[in-house]
Each structure stands twice: as C-alpha cells, then as structure tokens.
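All remarks here apply to the structure that follows.
The values are calculated or read from the model by the stated rules, or taken from the named source; none is laboratory data. Every value quoted in this text rests on a predicted model; they were computed, and no experiment measured them. Using ideal geometry, Cβ is built from the backbone for each residue, glycine included, and neighbour counts are taken over all protein chains shown. Remember, those area values only see protein heavy atoms, side chains included, never the ligands or the DNA or RNA. Shrake-Rupley method; radii C 1.70, N 1.55, O 1.52, S 1.80 Å.
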Amino acid sequence: MSSFFIKTKENPKKGKRTTATKGKSDGDSGGKSKGRTKKLSSKYNEEISSDSETESPAVPKKRQSNAENEYEETPQEKKLRLAKRYLEQLKEEEEKKEEEEAFETDLIAGRLQDEVLEQRGKLQRLIAKDLIPPDASEIRVLRGHKLPVTCLVITPDDKCIFSAAKDCSIIKWDVESGKKLHTIAGGRKGTEDRHVGHTAHILCMAISSDGKYLASGDMNKLIMIWEADMCKHLYKFTGHKGPVSGLSFRKGTHDLYSASHDRSVKVWNVDENAYVETLFGHQDAITGLDSLSRERCVTAGGRDHTVRVWKIAEESQLVFHGHEGSIDSIQLINEEHMITGADDGSVSLWNVNKKKPLSTVKQAHGCHGDAGLEQPHWIASVAALQNSDTVASGASGCSHNSKVQLWKCGQNYRGLEPLFSVSVSGFVNSLKFSSSGQFLVAGVGQEHRLGRWWRLKEAKNGLYVIPLKRKPQEEPKSAE
C-alpha cells in the first residue's frame, strides 16, 4: 500500500496503469474493478482540474495583496510619502527657475558686456560678411530739392530723413513711403530779418539722440535749432565768424558741438539756449565734425592736413597727421576709432590713441583724366555703421564713375577691404547709415557741397536710399 501511494504522488498517470493491471489480475469481479478504476480516474481528474483552478486566479491574489498593503499604510507613512512627493515637486520648480534665471543673466551679461565694450570703444559687430549688393531696381531716389543736396540726417527710429541743400530748404521725408512730410522753405538773400529759416546754403545738420532737436548750419554763420517732430523753429545761435561746416549732438544729451570755417569749435547747451565755450587749434577751415557719448568731438581740418580730437572737459586736443590732401569728411565708428576721407582720393582708419592712421587706402575710388595726367576722385563723404565693421565712402568726379563704396574693416580696424559699390549720378555730398543698419542714404548733387569747382549737368539732385541686404540664412538651418 505504501508503494501505491508514493507512485500516485509522483505521477498520477502511472497510478492509473497499476490499478488497471491489478483489476485484470484479480479476476473476482470485472465490473467491480472497472468501477474502481473509473472512480480513481475521476478522482485524479478532479485533482488536476482543481490544480488548474488554483493557478488561474494568481493575478487577483497579487492585486488583493497590493490593496491590502495600501490599506495597511498608516497615516504617518502617508504623510511622509506626500511630503516627499511635495519636496520633489519643489525641487523641480527650483531647478526650472534656476535655468530661466541663468538664461536671463546670460542675456543681461551679454548686453552689459556690449555696453562696456561700446563705452571703451572696442565693440565691433561683424556685419560686413553678411552684406550683399542690392539690385538697381531696389534703390529708391527721392527728389525734391532744386539745387544740390549738401547734408542729411536720419531720425533715431529710422522712420524719417531730413535733407538740406544749396536751395536753403530742409525737407523731412518718410522712409517707408518716400513722401515729403514737411518742407522748410529757403529764403532769398537779404530777407534774413523776416524769413523764418535759412537764406544761404545749408552745409551741415545734426539730430539729437532722442529725436527732439534738429540743428542746421549755413554759409551765413548761423545755427538754427528746430523741433524735429513738427519742424517748428526754436532758436538761432550766432557767434561763428565763418560758415558753419559741422554739427553734432553729444549722444544722450542736448549738448551741441559746432565747427566753422573760422577754425573754431563751439559748445552750446540747447536746453538752456546758451553758449558754453569756444576751442581753437586748427590752422585752416574745419570741414567736418562728429561726436558720440563721451565729452569730446573729432574734427577734420581741411588744408591743414590734420585730424583733431577735442577733450572738452580738459580743454585739450590731440593732433593726428596722415592725409596729403584736404581732409573733407570725418565720422566716428566707435569711441576709439574713426574714418576720414580726403581730396587726394584716400580713405583712412584711425585709433584715437595713435597719431598715424591704422590703415589707408589710396585712390579708393580710382582716377580720372588723360593718360599721364590722372587725378584721383575726391572723397566727398564718409559714413560708419556705429560699433560695427562696416563703413562707406562717396566720391565726386565724372558722372559715369560716381559711386558709393562699402568697405569691411579688418580685425581691430587694421585694414580696409572693398565689399561692393553702388553707382550713382553726381557728387556724393553726404552719407548716413540707419541706426538699425537696414539701409544707407546718400545725398547727391550736381556740385560739391563746399564749392562750385565744376558741375555735372546730367546728375540728379536727390537722395538715394540703398537697402543693405543680408545673405539668406540657409547654412545654419541645414546644420541644425
């Protein structure tokens, strides 16, 4: 009997066979043995089915055990679990805040760094490499002056242009539409007492950095101050003993610097309608003046072949030599660097701490004349896109060769490379970049702004609005 039960535990199928053989060997009653085997087989079948039933509900038991565990969680454990979850959420929020603050601080740090570099005069935004020449159809010409345009300024928001000419008039233009917004008519000679405005050739203009005041200077030794928005006349400054040839507002203030053919530089306070002081030093008529935010200005001395930096507070000056001809135009690139143009055809880059030019391009706009008697085209105007590596020069000469040339400054302003040129018809008497660097405006006339040495009848008096197009930004997208 013991062996029988051991076998059945090990393998029920073997048990079936043994019972069957026993039934056959007994031979007492075949029916009884068959009944026993049926009962045994049914027992085993029932056992097998019961085993399968116990295996199937395994998952629900786990769920029940999990549910029991959940229900078994004490209030203190629940509080602890919730507190941990809350702390994790707080940590995630703090990390996000730190990332955002780090991003903002990086932006602010970048701006502050730019401002510091700008104040030191070392900021150089690399823009020239992206510029491409515009199509001729994209250049707009604004015509309204009867005589040659001599000077122009662009409002700080780049929405308007003020232009002045030898017809003694000032026109305010809308950049987007190209329409005249306002005209200050010029008066005839001898009507100075009753006419509100200029009665002689206007040679220079300046606009304050907040766009509030417009200043204009003429051949009659007068400086007119206008309210720029409505072109309303405010003041008249007298004091120069020669034509006023250069004007500039100190950036961020309403201090006005003026230069004249009387070889002096004067300082004015426009807010108080007051004269401040006069500075002397040039040995010939001053032809150009510019300034930025420092309490100083730079001037071009014409035939005395010098460029001077005037330190207003110290009442001192620095003298620079470099050009062989008359220096007719000057513009600051930043607080430390400037560009000049002369009638010997050369364009020079300067550092205010060095007495000689950093770089000079001779015959920058080529030559004209018969073989053996070639003369370089005069550089009548220069312009600089502030705190960048892009400058421009305008020449005067034969109408078929008049052009505006754009240049790329080398690293640390050591070198000038030509970018492209834009052909215009006439003398390029004035050049200005927009603050945003989106366009360049050239004031063009039939005559040079400072005289009437010769006249180009086929030229048109007006403004050329030249868009500064950038290369399409496809390479960075493909790299991404």
Notebook entry, point to check: Out of the residues in the range 206-243 that are within 29 Å of S436 (Cα to Cα) and of a type in the set (V, I, T), which is surrounded by the most Cβ atoms within 10 Å (Cβ to Cβ)?
Noted result: I223
Next item on the list: Select from the range 244-277 the residues that are farther than 17 Å from G211 by Cβ and of a type in the set (K, R) and write down the one among them that is most open to solvent (accessible area, probe 1.4 Å).
Entry: R263
Notebook entry, point to check: Are any residues in the range 394-419 open to solvent by less than 20 Å² (accessible area, probe 1.4 Å) and part of a strand (DSSP E or B), and if so, which ones?
Noted result: G394, A395, S396, V404, Q405, L406, W407, C409
Checklist line | Positions within the range 154-191 being among the aliphatic types (A, V, I, L, M) and open to solvent by 10 Å² or more (accessible area, probe 1.4 Å), in sequence order | finding: I154, V175, L181, I184, A185
Notebook entry, point to check: In the range 278-295, how many are within 12 Å of I312 (Cβ to Cβ), open to solvent by less than 50 Å² (accessible area, probe 1.4 Å) and not hydroxyl-bearing (S, T, Y)?
Noted result: 1
Item checked: Any pair with Cβ under 8 angstrom, 6 or more apart, that starts in the range 329-351 at a residue that is open to solvent by less than 10 Å² (accessible area, probe 1.4 Å) and ends at one that is charged (D, E, K, R) and assigned to a loop (DSSP other than H, G, I, E, B) -> N334/K122; A342/E324; G345/K362; S346/E324; S346/K362; L349/R414
Margin query: Considering only residues that are under 29 Å from G187 (Cα atoms) and either assigned to a loop (DSSP other than H, G, I, E, B) or hydroxyl-bearing (S, T, Y) (or both), which ones fall in the range 136-157?
Written below: R143, G144, H145, K146, L147, P148, T150, T155, P156
Note to self: For the list (1) more than 27 Å from T287 (Cα to Cα); (2) surrounded by 18 or more Cβ atoms within 10 Å (Cβ to Cβ), I need the number of the one condition that R194 fails.
What the structure shows: (2)
Next item on the list: Would you check if there is a residue in the range 447-460 being among the small types (G, A, S) and within 20 Å of A392 (Cα to Cα)?
Entry: no
Next item on the list: Specify which of the listed residues (D271, D344) is within 21 Å of T238 (Cα to Cα) and not hydroxyl-bearing (S, T, Y).
Entry: D271
Next item on the list: Would you tally the residues in the range 362-384 being open to solvent by less than 30 Å² (accessible area, probe 1.4 Å) and out of contact with any helix residue (DSSP H, G or I) (no Cβ under 9 Å at 6 or more places or on another chain)?
Entry: 8
Notebook entry, point to check: Within the range 431-455, restricting attention to residues that are in a strand (DSSP E or B) and either among the basic types (K, R) or open to solvent by 10 Å² or more (accessible area, probe 1.4 Å) (or both), which residue is farthest from D344 (Cα to Cα)?
Noted result: F439
